[in-house]
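So the structure is just underneath, and the comments pick up after that.
Each value in this text was obtained by applying a stated rule to the coordinates, not by laboratory testing. All figures in this text were calculated on a predicted structure; none of them were measured in a lab. Here the Cβ positions follow ideal geometry from the backbone for every residue, glycine too, while neighbour counts run over all protein chains shown.
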Amino acid sequence: MDNKCPKCGEKLSVFYLKETCPKCGANILYYNMDKRLEEDAAKAEAEYEKLGQLVDKITPKFIKKRMQKKKDEQEKAREE
C-alpha cells in the first residue's frame, strides 16, 4: 500500500487503519474497486491460459486423441 489517499493524495500514517481519508472522506478500501477487479480478471485469464498450455504439454497424445474422438462424436450426434 502506498500510504496515501488514492483520491486526494494526502499522505497517511503507516498506522492509519480507518477506512476513510481524514481530508476528503473517500473510502480508501473501495476506491477504484471496479478497475482493480478488471485488472485481476485479466491476470486470472492469463494465468488460466498458461495453465492450459502446461496441461497440454504434459497430457499424453493418446488421451488427447480419445478426447477429440469424443468431441467429434458429440458434434455428430448434435447434427443429427
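Search the structure for amide H atoms under 5 Å from the amide H of Thr20, placed 1.01 Å from N in the peptide plane, and list their residues when 5 or more places away or on another chain.
Ile28
Between Met67 and Tyr16, what is the label-point separation in nm under the 7 Å Cα-to-beta-carbon projection?
Result: 5.0 nm between the two label points.
So what are the three principal axis dimensions of the range 1-63 from its Cα atoms, in whole Å, longest to shortest?
64, 21, 15
Using Cα-Cα distances under 8 Å and only pairs 6 or more residues apart, what relative contact order does the chain have, in percent?
About 15 percent, as a whole number.
When the Karplus curve 6.51 cos²θ - 1.76 cosθ + 1.60 is applied with θ = phi - 60°, which whole-Hz ³J(HN,Hα) does each residue of the range 57-65 get, with x for Gly and Pro?
5, 8, 6, x, 5, 5, 6, 4, 5
Among Asn27, Gln74, Val14, flag the residue with its Cα farthest along the positive direction of the charge dipole of the chain, charges on Cβ as +1 for Lys/Arg and -1 for Asp/Glu.
Of the options given, the answer is Gln74.
Going down the list Lys4/Lys43; Lys4/Lys50; Lys35/Lys65, which pairs span over 31 Å between their C-alpha atoms?
In this structure, Lys4/Lys50; Lys35/Lys65 lie more than 31 Å apart at Cα.
Collect residues whose amide H, placed 1.01 Å from N in the peptide plane, falls under 5 Å from the amide H of Lys4; neighbours closer than 5 in sequence don't count.
Answer set, sorted by chain and number: Leu12.
Mind checking which aspartates and glutamates have their C-alpha under 20 Å from Lys64, skipping anything on the same chain fewer than 8 residues away?
Correct list for Lys64: Glu49, Asp56, Asp72, Glu73, Glu75.
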